[in-house]
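Contents: one structure, followed by commentary.
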Amino acid sequence: MNNSLQKTFFITGVSSGFGRELARSALDAGHRVVGTVRHAEAAQAFESQGMGRAFARVMDVTDHATVQQVAENVEKAIGAVDVLVNNAGYGHEGILEESPIEELRRQFETNVFGAVAVIKAFLPFFRARRQGRILNITSMGGTITMPGISYYCGSKFALEGISEALGKEVADLGIDVTAVAPGSFRTDWAGRSMVRTPRSIGDYDALFDPVRARREAASGQQRGDPAKAAAAMLRLATMLERPPTRLLLGSDAFDLVRQNLWDRLRQMEKWEEASRSTDYVAG
């Protein structure tokens, strides 16, 4: 790769899933990648694959002080970051009534507050250079919902909204923001990475037990290919024209989200009269 085209990526959570695949794709394409991991052993393993272009930082996105320190260190010691990818996150599965409120806080601390902390740490550098690209990995669960993952969907709905609003705030500063919303892929999201609240209320058995069983059985057999998702994200990160505000990944995500949006529109139109009836009318 021509060095003038080489970019520096900062990717959270490169030990598994989309973060690992995107880091590999970026390194293979000749880019530099700063990847965050949770342990020193993982840091050594990540740097060993990069031929001097992989740099690891041990960081927990929920530790906001460390996030700030890492961002400042990376910009000073490694160089200007061109592409920020907020990938770190996890899924929580559980019926809302059964799930402790502490699990909701933990879900949002990682999937939402952690992502925002990383964005805030790098935005001053992007703004000073009048350039930068941010990819926030959300989910089709940021538009559609399914029983048993209300906490997860709530966190991804939040990150989708933040991404869209942020994009409008920074567009004139040369900074692009895209919410990347994958469907079902062959990552460990539904496997070891998922936190599951134990069942306790029998009234939900008929609804949810089959859903949980299907999800567990499908883990590792999903239609989506993580390597192909990484290729799409790499294209998004390096394209010369402005990227889209939102990109769905996977046929299931595209089909389900499109149907959801059509259903919303039909329901909205059905209740249009009630919506408009609340306007203030003078005199």
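Every number in this text was worked out from the coordinates using simple rules, so none of it is lab data. A quick note: this is a predicted structure, and the numbers were derived from the prediction, not measured. Here the Cβ positions follow ideal geometry from the backbone for every residue, glycine too, while neighbour counts run over all protein chains shown.
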query: About the Cα centre of the range 155-213, what is the dipole size in debye to 20, counting +1 per Lys and Arg Cβ and -1 per Asp and Glu Cβ, all else neutral?
result: 380
Longest site-free stretch - the chain; sites: chymotrypsin sites (Phe, Trp or Tyr not before Pro), DSSP loop, at most 11 other Cβ within 10 Å: 1-270
query: Once every DSSP H run of n ≥ 4 in the chain is given -39500 (n - 2.57) and the sum is divided by its residues, what mean residue ellipticity at 222 nm do you get, rounded to the nearest 500 deg cm²/dmol?
result: -14500 deg cm²/dmol
query: Rounded to the nearest 0.05, what FRET efficiency do GLU169 and ALA217 have when you use their Cβ-Cβ distance and R0 = 51 Å?
result: 0.75
message: Per residue of the range 45-58, what does 6.51 cos²θ - 1.76 cosθ + 1.60 with θ = phi - 60° give for ³J(HN,Hα)? Whole Hz please, x for Gly and Pro, Karplus curve as stated.
response: 5, 5, 5, 5, 9, x, 6, x, 10, 10, 10, 9, 9, 7
- line: Among the Cα-Cα pairs of the range 145-283, the proportion with separation greater than 25 Å, in percent, is 47
- prompt: Residue by residue, what Karplus-based ³J(HN,Hα) values in Hz, rounded to whole numbers, does the range 268-281 have, using 6.51, -1.76 and 1.60 with θ = phi - 60° and x for Gly and Pro?
  reply: 4, 5, 4, 9, 4, 4, 5, 4, 6, 5, 8, 5, 6, 10
- line: Interchain or sequence-distant (5+) residues whose placed amide H lies within less than 5 Å of the amide H of LEU248 are ALA181
message: With +1 assigned to the C-beta of every Lys and Arg and -1 to the C-beta of every Asp and Glu, and no other charges, what is the dipole magnitude of the range 3-256 about the Cα centre in debye, to the nearest 20?
response: 820
message: Give the lysines reachable from LYS120 as a straight Cα distance under 19 Å; neighbours fewer than 8 places away on the same chain don't count.
response: LYS76, LYS156, LYS168
field: Those trypsin sites (Lys or Arg not before Pro) in the range 70-145 that DSSP places in a loop and that have at most 14 other beta carbons within 10 Å
entry: ARG130
statement: Spelling it out for ARG57: with amide H atoms placed in the peptide plane at 1.01 Å from N, the residues 5 or more places away or on another chain with amide H under 5 Å from its amide H are GLY35, THR36, VAL37
task: Would you give the gap between the C-alpha center of the range 102-178 and the C-alpha center of the range 31-78, rounded to a whole Å?
output: 20
query: Could you state the per residue volume, in Å³, of the convex hull enclosing the Cα atoms of the range 90-129?
result: 58
- prompt: Give me the Kirkwood hydrodynamic radius of the range 66-171 in Å, from all C-alpha pairs, to one decimal place?
  reply: 14.8
message: Highest mean first, how do 221-230, 165-174 rank when packing is the count of other Cβ atoms within 10 Å averaged over residues?
response: 221-230, 165-174
task: Kindly write out, for the range 110-122 in residue order, the coupling ³J(HN,Hα) from the Karplus curve 6.51 cos²θ - 1.76 cosθ + 1.60 (θ = phi - 60°), rounded to whole Hz, with x marking Gly and Pro.
output: 7, 6, 10, 5, x, 4, 5, 4, 5, 4, 4, 5, 9
message: How far apart, in nanometres, would the label points at ALA231 and PHE254 be if each is projected 7 angstrom from Cα along the Cα-to-Cβ direction?
response: 1.4
query: Given H placed 1.01 Å from N in the peptide plane, which residues other than close sequence neighbours of ARG196 have an amide H under 5 Å from its amide H?
result: GLU93
statement: Extension length gain for MET268 and ASP28 (0.36 nm per residue less Cα distance), in nm, is 81.7 nm
field: Positive-pole candidate from ILE95, ALA231, GLY167, dipole of the range 3-256, charges at beta carbon
entry: ALA231
